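Every number in this text was worked out from the coordinates using simple rules, so none of it is lab data. For clarity, every value in this text was computed on a predicted model and none was experimentally measured. Glycine gets a Cβ as well: all are built from the backbone with ideal geometry, and neighbour counts include every protein chain shown.
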Amino acid sequence: MKQPIRTLANSDEIIVLLAREGDLSPTQIAEQLELPRPTVYRLLDGLSSVDFTEPVRDSKARLSLRWLRMADRARTSMREWRDASVLLAEVVERTGQTAYLAVPRDDEAVCIEWAQGHGIGVVELKPGRSLPMHAGAAGRAILAYSTDLDHYFAATPTRRRYTDRTLLAEAALREDVRLTRERGFVVSDGDVTEGIMALAVPVLDSKRQVIGSLTASGLAENFVGEQDAIREVLQDVAGRLGNLSGI
């Protein structure tokens, strides 16, 4: 029984890696996951046979479009967020910035809904995509209100650097958690993409447990002098999003 479970676990690691990094060769996958290359070739053949991955140029693999259909179905099944799109559209209308709703999954923040702002479309998160908790406003807002920080740091001894502003050290992240809890929101200024700023607030249920985060993101220059107003909109809408969950 252990071998099928190990095969599924390795396949899942490949899928997560491709989702995070984009197109990769079998050699690159083997190196990053520390798996034998023959194992990676075998797993990619299996994933391709069920249309989870597809071959692309330079002998690389990528996730297939099937994941988009699966993501749409998964979002549809999340009935607790069925009216979220209306509220995200309200954030766009009131701030002009792109809005997105993310929920926690393992050590990541996964976008389940978004609404395009009036500016240039340069947001990292779109439905189905994820970012680690340490990078970006969405994940940092969720992390700050998580109940088991010690588990998070133990489970993520290494963290990906996106820019020179990405928070990596445990001490820096714990200070960010403290500051976020103190003021109730997160500011992300170029820690995932240079020149992009985001504000995020937690989405809390009736028991004051974090169930997601609401973010407004756009060009940093468009946030100058507008941060307080954007924060107020996010906190207003996040309160109503929390009520949608019914928890």
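Across the range 159-225, the mean sequence separation of Cα contacts (distance under 8 Å, 6 or more residues apart), normalised by length, yields a relative contact order of 24 percent.
Karplus-derived 3J(HN,Hα) values for the range 200-207, using 6.51 cos²θ - 1.76 cosθ + 1.60 with θ = phi - 60°, are 9, 10, x, 9, 10, 7, 5, 9 Hz; glycine and proline are entered as x. Charged side chains reduced to their Cβ positions (Lys and Arg at +1, Asp and Glu at -1) give the chain a dipole of some 680 debye around its Cα centre. Computed over the range 172-224, the P(r) curve from all C-alpha pair distances, binned at 10 Å from the origin, holds 23, 48, 25, 4 percent per bin.
Count Lys and Arg as plus one, Asp and Glu as minus one, and take only other residues whose Cβ is under 9 Å from that of residue 26; the net charge is then +2. Here the range 186-204 and the range 1-65 have alpha carbon centers that stand 31 Å from each other.
Ranked by the mean number of other Cβ atoms within 10 Å of their residues, highest first, the peptides 101-110, 208-217, 10-19 come out as 208-217, 101-110, 10-19.
Pairwise Cα separations in the chain fall into 5 Å bins from 0 onward with the following percentages, short to long: 1, 6, 13, 17, 17, 16, 13, 9, 5, 2, 0, 0.
Given their separation in residues at 0.36 nm each and the Cα-Cα distance between them, residue 158 and residue 6 gain 52.5 nm when the chain is fully extended.
Quick one: grab the alpha carbon gyration tensor of the range 139-247, order the square roots of its eigenvalues as a ≥ b ≥ c, and give me rounded if a/c is under 1.5, else prolate or oblate depending on whether a/b is larger than b/c. Because a/c hits 1.5 or more and a/b fails to exceed b/c, the range 139-247 counts as oblate. Rounded to the nearest 0.05, the FRET efficiency derived from the C-beta distance between residue 178 and residue 62 at R0 = 25 Å is 0.05. Mean separation of Cα pairs under 8 Å and 6 or more residues apart, divided by the residue count, gives the range 2-64 a relative contact order of 36 percent.
The ratio of the alpha-carbon radius of gyration of the range 2-64 to the globular-protein estimate 2.2 N^0.38 Å is 0.99. In this calculation the C-beta distance from residue 150 to residue 126 is compared with R0 = 41 Å, giving a FRET efficiency of 0.85.
Here the relative contact order of the chain, from alpha carbon pairs under 8 Å that lie six or more residues apart, stands at 16 percent.
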